[in-house]
Amino acid sequence: MANDAVAVITDIHGNLPALQAALARIEELEIERIYCGGDLVGYGPEPNEVCALIEERGIPTIYGNYDHAIARDEHDCGCAYIDQHDRELGQESVEWTLVNTSRRSKDFMRELPFDLHFEAGATGVHLVHGSPRKVNEYLFEDKPASLYERLAGAETDRVLVFGHTHKPWVHEYGGVLFVNCGSIGKPKDGDPRGAFAVLTASAAGVEVTIERVAYDAPAVAREVRRSGLPTEFADKLVGAA
């Protein structure tokens, strides 16, 4: 699979064991090319370790909305919240991450680009975090087809890859294949395993699979509780709710 496949990981959110498990699975699949769709930090207990591993591996990476804010010492991550309780929890995460992310990590994230273009075989791929329009736009699977038709009309590549919602899905609109990779470190689709996308060149263009990888989520949850982050983040890691 090594010569005709690309792995795309995104939304790691300070979860180092989940990232390590994903990279091990990618190596097992003999995939040599890896791209990262951002949100290296936030919610998880090891922001610096995640940044260091991504940098050490030389993985081409774009910034997520969280990375953009933390790198600039901003107190608003541009996240959407269901209610006031979630907003308060989210703000606790921002404040904790600002304090516990090193200057080196912030400088690394500050230099990341908004998007990347690459090829899977002969097919052009556009990687963004939220959408091509905004880093924090949520492209959920159940949004109107007209939205995706408009985005497809503005797209120059045949495949648009993104994350941000933490819920994987794949669908073609207007001749463009939309690929939401899910989340490595903070899935929200009811499956606690990390998720990433594999794009494999084929005669028809690109075939996509969503890989799931297990890791020691209870151990990370314990680390979240020890770190001073809200305990609800630990509970959600284990239950993926």
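Quick check on this structure: which one of Val213, Val208, Val179 is in contact with a helix residue (DSSP H, G or I) (Cβ under 7 Å, 6 or more places away or on another chain) and of a type in the set (A, V, I, L, M)? If you could, list the steps in order and put the result at the bottom.
Working: Val208 fails: in contact with a helix residue (DSSP H, G or I) (Cβ under 7 Å, 6 or more places away or on another chain); Val179 fails: in contact with a helix residue (DSSP H, G or I) (Cβ under 7 Å, 6 or more places away or on another chain).
None of the others qualify; the one that does is Val213.
Are any residues in the range 71-97 outside any loop (DSSP other than H, G, I, E, B) and within 16 Å of the chain's Cα centre (by Cα), and if so, which ones?
Keep residues of the range 71-97 that are outside any loop (DSSP other than H, G, I, E, B), which gives 71, 84-97.
None - no residue of the range 71-97 is outside any loop (DSSP other than H, G, I, E, B) and within 16 Å of the chain's Cα centre (by Cα), so the list stays empty.
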Looking at the range 51-72, can you tell me whether even one residue there is open to solvent by 30 Å² or more (accessible area, probe 1.4 Å), closer than 19 Å to Leu229 by Cα and of a type outside the set (Lys, Arg)?
no
The residue from Gly175, Gly205, Gly228 that alone is surrounded by fewer than 23 Cβ atoms within 10 Å (Cβ to Cβ) and free of Cβ contacts under 8 Å to residues at least 40 places away in the same chain is Gly175
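State whether one or more residues within the range 130-149 are closer than 20 Å to Asp4 by Cα and either touching a residue at least 40 places away in the same chain (Cβ under 8 Å) or polar (S, T, N, Q) (or both). Spell out how you get there, then give the answer.
As a first pass, look at the range 130-149 and keep what is closer than 20 Å to Asp4 by Cα: none.
No, the range 130-149 contains no residue that is closer than 20 Å to Asp4 by Cα and either touching a residue at least 40 places away in the same chain (Cβ under 8 Å) or polar (S, T, N, Q) (or both).
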Restricting attention to the range 73-89, the residues that are over 28 Å from Asp216 (Cβ atoms) and either of a type in the set (S, T, N, Q) or surrounded by 15 or more Cβ atoms within 10 Å (Cβ to Cβ) (or both) number exactly 2
Strands (runs of 3 or more DSSP E) wholly inside the range 137-223 that include at least 1 residues being of a type outside the set (A, V, I, L, M, F, W, C)
169-173, 176-180, 194-202, 205-213
Take the residues in the range 110-120 that are out of contact with any Pro (no Cβ under 9 Å at 6 or more places or on another chain) and buried (at least 17 other Cβ atoms within 10 Å of the Cβ), then tell me which one is farthest from Asn65 (Cα to Cα).
Ala120
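The values are calculated or read from the model by the stated rules, or taken from the named source; none is laboratory data. Predicted, not measured: the structure shown is a model, and the values here were computed from it. When we count neighbours, we look across all protein chains shown, and the Cβ atoms used for this are built from the backbone with ideal geometry, even at glycine. Keep in mind that these areas ignore ligands, DNA and RNA; they rest on the heavy atoms of the full protein, side chains included. Shrake-Rupley method; radii C 1.70, N 1.55, O 1.52, S 1.80 Å.
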